[in-house]
1. Among the listed pairs K126/K244; K35/K217; K35/K55; K159/K209; K32/K159, give every one whose C-alpha distance is greater than 25 Å.
2. Taking amide H positions as placed 1.01 Å from N in the peptide plane, with prolines and chain starts having none, which residues 5 or more places from T224, or on another chain, fall under 5 Å of its amide H?
3. Under the rule of at least 5 residues apart or a separate chain, name every residue whose amide H is placed under 5 Å from the amide H of V66.
4. Using +1 at the C-beta of Lys and Arg and -1 at the C-beta of Asp and Glu, which of V29, A124, V247 has the Cα lying farthest in the positive direction of the dipole of the chain?
5. Note down, for the chain, the three equivalent ellipsoid semi-axes (square root of 5 times each alpha carbon gyration tensor eigenvalue), biggest first, whole angstrom.
6. Need the full-extension length gain, D75 to Q28, defined as separation in residues times 0.36 nm minus the C-alpha distance. One decimal, nm.
7. GNM, the chain, Cα, under 10 Å: largest mean-square fluctuation among A316, A101, A205?
8. Along Cα→Cβ, 7 Å out, is where each label goes; now give me the distance between the ones at A189 and D339 in nm to one decimal.
Amino acid sequence: MKKSEVRLTQLASAAGCGAKIGPKVLAQVVGKLPKFTDPMLLVGPETSDDAAVYKINDELAMIHTVDFFPPVVDDPYMYGQIAAANALSDVYAMGGVPKLALNVVAFPNCLGPEVLEQILRGGADKVMEAGAVLAGGHTINDKEPKYGLCVTGYVHPDKMWKNYGAEEGDILILTKPLGCGILNTAIKAEMASQEEIERVQKIMAKLNKYAAEIASKYTIHSCTDVTGFSLAGHSLEMAKGSRKTLVIQSEKLPIIEGVEEYAQMGLIPEGAYRNRDFAGDEVRSEIKELWMEDLVFDPQTSGGLLLAVPAEEANALAEELAGMDIFGGVIGYVTELQDKAVVFE
């Protein structure tokens, strides 16, 4: 096999792709680290928010984040786009605008420079689409390819979004459909059709910029992007931080075409089971179909924004978001704190 023919996902699988540190282990480790305090640090690690926010002055705050992961697709250019879109998403989830990005790259000797060039080109194109500047980065040798970005963005201190602050009566809107983890598992098993591959790749590579720009015209009480910890995991973080209960209506969940069939076949990524373990007894599921329950714990790659919006503004926002080529839908509502933080009806 020529270097250019090496399947990126096979390389990643051979090295343990998907072995992301589970949220419970991560929480234990972070809890043992020194605590930093600074009155200008508006958002730190305490609420597991999407990015750190540091106040520069009364009109400007800096958003800072980093994200990278092994290949989820074989096409190096598409992999670069998806990884970059995923990293940029953290800035959009805080209500900000990305301004500066640095590449973060681990690359094996078994792949040629043309593969690395395509990965970096995919990332650069997404940074350019975001209106930010790519200004270098850092590369190391590794047996498993990994790529992502360190991103800095700006937001007004009084206008930033947080993953807490949802209020009773808010409506929950998800801006992308679910199931990319399950579909990526089917792709690795060489079971997915070309149409399904292209569909899920388009969703993952879609910048959350466009949904965030629309949402910025409305009142957003809370926001997070739904990524590796799944809809259940990220909903749980929002619920606990807000001290409310999120009720998610399973019949309203937007699902990528083809996901149900593969989920029923048992093509569930390993991360879904770690997410289920993380949720523990703080999530109550009344979902009858096993595949649907697996779906809500499915780790997403470059997923959509989960927005908590006042009820009086929700319909107008949802209608405007529906005008995009990719959209999820209204998926639930927020209530006062009940016996469980998240309830799937």
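Laboratory data are not the source of any read-out in this text; all were calculated from the coordinates shown. Computed from a prediction, not measured in an experiment: that's the story for all the values here. For neighbour counting, all protein chains shown are included, and Cβ atoms are generated from backbone atoms with ideal geometry for every residue, glycine included.
1. Pairs exceeding 25 Å: K126/K244; K35/K217; K32/K159.
2. Residues meeting the amide H criterion: L306.
3. Close amide H contacts, sequence-distant or interchain: V151.
4. Sorting the options by dipole projection puts first V29.
5. The answer is 29, 25, 19 Å, longest axis first.
6. 13.3 nm
7. Residue with maximal mean-square fluctuation among A316, A101, A205: A316.
8. 3.6
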